[in-house]
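To start, the structure itself, in structure tokens.
The values are calculated or read from the model by the stated rules, or taken from the named source; none is laboratory data. Here the structure is a predicted model, which means the values were calculated and not measured. Every residue, glycine as well, gets a Cβ built from its backbone with ideal geometry; the counts of neighbours run over all protein chains shown.
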Protein chains: 2
Amino acid sequence: MIIYSDIKKAFRVLESVVHKTPLLSSRTFNEMTGNEVYFKAENFQRIGAFKFRGAYNKISSLTDEERKRGVIAHSSGNHGQGVALASKIFGIRSVVVMPHNSVKSKVEATKGYGAEVVYCGLSTDDREKTTRELTDKYGYILVHPYNDEKLIAGQGTVGLEIFQDIKDLDYLFVPIGGGGLISGCAIAAKHHSSKIKVIGVETEGANDCYQSFRQKKLIKLSSVNTIADGMRTLSVGSINFDIIMKYVDDVITIKDEDIYPMMKFFVERMKILVEPTGAVAPAAVMKNVLGLKGKKIAAVISGGNVDLEILKDIL
Amino acid sequence: MIIYSDIKKAFRVLESVVHKTPLLSSRTFNEMTGNEVYFKAENFQRIGAFKFRGAYNKISSLTDEERKRGVIAHSSGNHGQGVALASKIFGIRSVVVMPHNSVKSKVEATKGYGAEVVYCGLSTDDREKTTRELTDKYGYILVHPYNDEKLIAGQGTVGLEIFQDIKDLDYLFVPIGGGGLISGCAIAAKHHSSKIKVIGVETEGANDCYQSFRQKKLIKLSSVNTIADGMRTLSVGSINFDIIMKYVDDVITIKDEDIYPMMKFFVERMKILVEPTGAVAPAAVMKNVLGLKGKKIAAVISGGNVDLEILKDIL
């Protein structure tokens, strides 16, 4: 299992290439919730989401020989863009496997960062099959979206940065998709504070980790249904699950319909764009699922790559 | 004429009540323009625009007796909200005179900050007449939107903060409405640097200061036509004009149609909401009106209170 020094090492690798994103706050939000809340704004990260951190750290850990072979990722969203941009910076080849119905803007963005896009079928199995075939044929190195220690260490720098800016947090809320972000952040949080509670947040329609956490075994759902597209994984990774069970204090859920009001608040009051998945942890604080009062809380905004159609819907 | 120490004094008054807004940057924008550009994000200021600074500084300078009488402002937008919030903090009465066709959301926001809204006719003359009548009748103290030294000193803290963060700027681009923001910022800029060029930016449809600057006399337009609603003043103030002639190096214009692409870039690439007036100075940098290369530039985003209908239009 990785430890805090791995995250610190990742931070030194990433320091010069990532944006140190700000902690944002809103008096209105604090008054509404009765807590002192800080939003870690990874929507301002390069490629518009935290995913660049893990992808870059992973690729930087490869040998020259491995890098020469090129990397592959399967992703319909931010992970693909993270791998594409990190590869571009290292000057290596990248292939991103995307479902053939992917949003055009995401495909264009991924290509724009220099990746070759290969289309596949819609199911997770399809994606994995296509990826495996390409890997077998061309020898690409897989950059897994969450079940990878180097990647987790990279995502953990989100947590490390939060504690650079603010020491005495009571709670840290982190969204859970495949579990890469929360496992890295939880290690960082527990290193810095013995009293902090780390809370994972999912939507009800993709509550695999919520179930896994309660049953203390890794549950894989047969399907998910949520507007938070970054949470449409059927289960967290095995590496992630072990870390979550060790360091995370609770996993909670919100409803899909709690997401839009949070996104709208971000747009109207805080003047920032947040994607549905990025609004999940803040929405849990807004709904005050845990009934907190007078607490110092950080919630991670994981990304800001919101489809313009969804944005219009919200407005 | 006010000097830098007035701005420094205003900063000490404001420090604990304003947000110190960040300087944002975008690699993509820098690559597109060939310059190193920093955006001073006053869209993150309280009430969503820099206007809170000047209003608060002005009200803080009043005597107890004056504050007891209450304050009045005429404004269809951010200045009214700034006066309303500052008054609320001081626990005094505020009246905001707004045209009867004002956007409902702006009226609601102004009321939401605790002001009493009085409607008036559409012309500047109507607004001033209504304001004068109320002032005469009730003894309110007028908080002018730009032609006031205490207010200018408050707006100048935007410039002061920029130089706290970054010392060696070549250029500072500032939007011009009534001239309060640029006159304060220009004094701050010239105090900190002898080499910096301060550039004022207007839209072609509201180019009163552009004309005044060239003719070296204060021109008042008979009408204006621009989507940048914060620039729909017929002329800058007399106090502002004197400062502009002394400290500003050039006044340039952009077209209204240059504004939307800049707003879209802010939304899509930088994940922030900027109102049309707030995008004017950045748009002049994007269009590279002055043909700059390799320069270190700051451009002020004056506010983020964009009408949701306009935002939908842009998307």
So how many residues does segment B:198-220 have that are part of a helix (DSSP H, G or I) and either of a type in the set (Lys, Arg) or modelled with pLDDT under 95 (or both)? 1
Scan A:Lys190, A:Lys195 and give me the residue that is in a loop (DSSP other than H, G, I, E, B) and in the same structural domain as A:Ile166 (by TED's automatic domain parsing). A:Lys195
So which helices (runs of 4 or more DSSP H) are wholly in segment A:1-87 and hold at least 3 residues that are within 23 Å of A:Glu108 (Cα to Cα) and not hydrophobic (A, V, I, L, M, F, W, C)? A:51-60
Do any helices (runs of 4 or more DSSP H) entirely within segment A:95-170 hold 1 or more residues that are modelled with pLDDT of 95 or more, outside the structural domain of A:Ser61 (by TED's automatic domain parsing) and touching a His at 6+ places or on another chain (Cβ under 9 Å), and if so, which? A:149-165
What about A:Ala298, is it assigned to a helix (DSSP H, G or I) and more than 14 Å from chain B (Cβ to nearest Cβ)? no
Residue, farthest from A:His74 (Cα to Cα), within segment A:171-180, restricted to residues that are aliphatic (A, V, I, L, M) and not in a loop (DSSP other than H, G, I, E, B): A:Leu172
Of the conditions (1) at pLDDT 95 or above; (2) out of contact with any Asp or Glu (no Cβ under 7 Å at 6 or more places or on another chain); (3) small (Gly, Ala, Ser), A:Ser235 clears all except one; give me its number. (2)
Any residue in segment A:262-272 that is within 12 Å of another protein chain (Cβ to nearest Cβ), modelled with pLDDT of 95 or more, out of contact with any Pro (no Cβ under 7 Å at 6 or more places or on another chain) and on the phi > 0 side of the Ramachandran plot? yes
Just to be sure before I move on: is B:Asn207 touching a residue at least 60 places away in the same chain (Cβ under 8 Å), within 23 Å of B:Thr253 (Cα to Cα), surrounded by fewer than 24 Cβ atoms within 10 Å (Cβ to Cβ) and of a type in the set (S, T, N, Q) in the structure I sent? no
Filter segment B:25-82 down to residues that are away from every other protein chain (no Cβ under 14 Å) and at pLDDT below 95 and give me whichever is surrounded by the fewest Cβ atoms within 10 Å (Cβ to Cβ). B:Ser76
When segment A:277-295 is checked residue by residue, the ones that are under 12 Å from the mean Cα position of the chain (by Cα) and more than 10 Å from chain B (Cβ to nearest Cβ) are A:Thr277, A:Ala279, A:Val280, A:Ala281
Among the listed residues A:Glu31, A:Glu42, identify the single one that is closer than 30 Å to B:Gly112 by Cα and in the same structural domain as A:Asp168 (by TED's automatic domain parsing). A:Glu31
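Residues checked against (1) closer than 19 Å to A:Phe29 by Cβ; (2) touching a Cys at 6+ places or on another chain (Cβ under 9 Å); (3) assigned by TED's automatic domain parsing to the domain that holds A:Gln81:
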| residue | (1), (2), (3) |
| --- | --- |
| A:Tyr210 | no, no, no |
| A:Arg214 | no, no, no |
| A:Phe241 | no, yes, no |
| A:Thr253 | no, no, no |
| A:Phe266 | yes, no, no |
| A:Ile297 | yes, no, no |
Quickly run through segment B:66-116 and pick out the residues that are in contact with a Leu (Cβ under 6 Å, 6 or more places away or on another chain) and closer than 15 Å to B:Lys51 by Cβ. B:Tyr113
Among all residue pairs at least 6 apart or on different chains, which show Cβ distances below 8 Å where the first residue, located in segment B:2-17, is closer than 14 Å to B:Ser61 by Cβ and the second is of a type in the set (Phe, Trp, Tyr) and part of a loop (DSSP other than H, G, I, E, B)? none
